[in-house]
Amino acid sequence: MGQHRLRLALLALALCGSAAKAADDAAVIRTLEHRHCERCQLQDADLVHADLREAQLQGAALQRANLSGAQLDGANLKGSNLSFTSLAGASLRGADLRGSQLEGTDLRGSDLSGAQLDPGALERSHWQGARGISTAVQSYAELHNAGVRAAEAGRYPEAETFFSSAIQRLPDAAVSWVARGMSRAEQGNLALAAQDLRYASKLYAAMGDEPQAKALEQASNQLLTPSKTAKRGNGMGSALLGGALAAFKIIAPLAAKVALPGAL
């Protein structure tokens, strides 16, 4: 009798599993054909290059789905779960992403022009190379970290722009003043770089960090009196500031990003 009940239980589980899979397939078909699938279960769905313009997908569970290169212009994704979803190269122009979960989401190379996002929504996502992101929705940490990545890649004008935006968001963030100063020094803009480092020195002094304040003051003075053999730009900032700021860990993100799927 016990074995008969066990067989019935296993059969019931198998049937439930088949029904669940059929429901998932139906949700994918409904999404592709009708572009209307609110609160649907679309986890792990393969929607590469799907045409989902103006789709109504609010509240949908799209964790780990592959939407790379998808057309999502004007789509309603409000309140959806896009954690660890790939939207690399996708077009999200004018899409509504308010209230959506974007933890570990891959937005690299996507177009977010006019997209509606909560402030700080991209802080734990990956959006390198994405277009159309308004600085109004980016947090201080996002902007500073973007500057760090640009500086690490040697894109100093871009890094300077990000650090400037970070400073606008949080004017007393001494680390961003130092970072912008170094980015400017690398471009040979020594007078502006010196101003940034001098102001950062005052901020560190106000925080009671006298050793760092003195190091920054020394670095500022070095920038204004470079050696005759120093080259302008192309590493000049590193050459001049290396000694004074050897202990200053500037090229480091303020907060770790969530790893992309498969990168762990």
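The values are calculated or read from the model by the stated rules, or taken from the named source; none is laboratory data. What you are looking at is a predicted structure, and each value in this text was computed from that prediction instead of being measured. Heads up, the Cβs are rebuilt from the backbone with ideal geometry, glycines too, and the neighbour counts pull from every protein chain shown.
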Sole exception among (1) at pLDDT below 90; (2) out of contact with any Phe, Trp or Tyr (no Cβ under 9 Å at 6 or more places or on another chain); (3) surrounded by 16 or more Cβ atoms within 10 Å (Cβ to Cβ) for Glu152, by number
(3)
Taking interchain pairs and intrachain pairs at least six residues apart, which have beta carbon atoms under 6 angstrom, with the first residue in the stretch 100-127 and under 19 Å from Asn145 (Cα atoms) and the second in a loop (DSSP other than H, G, I, E, B) and of a type in the set (Phe, Trp, Tyr)?
Gly104/Phe84; Leu107/Trp127
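What's the total number of residues in the stretch 143-155 that are touching a Lys or Arg at 6+ places or on another chain (Cβ under 9 Å) and under 18 Å from Arg169 (Cβ atoms)? Give the steps one after another, and end with the answer.
Pass one, the stretch 143-155, residues touching a Lys or Arg at 6+ places or on another chain (Cβ under 9 Å): 143-145, 147, 149, 155.
This time we only want the ones that are under 18 Å from Arg169 (Cβ atoms), so: 143-145, 147, 149.
The number of residues fulfilling the criteria is 5.
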What about Thr105, is it β-branched (Val, Ile, Thr), under 13 Å from the mean Cα position of the chain (by Cα) and either at pLDDT 95 or above or crowded, with 23+ Cβ neighbours inside 10 Å (or both)?
yes
Subset of the stretch 115-137 (residues that are farther than 13 Å from Ser100 by Cβ and either in contact with a strand residue (DSSP E or B) (Cβ under 7 Å, 6 or more places away or on another chain) or outside any loop (DSSP other than H, G, I, E, B) (or both)):
His126, Arg131, Gly132, Thr135, Ala136
How about the stretch 167-185: which of its residues are at pLDDT 90 or above and of a type in the set (D, E, K, R)?
Asp172, Arg180, Arg184
What is the number of the single condition among (1) of a type in the set (S, T, N, Q); (2) free of Cβ contacts under 8 Å to residues at least 24 places away in the same chain; (3) within 25 Å of Ala88 (Cα to Cα) that Ser164 does not meet?
(3)
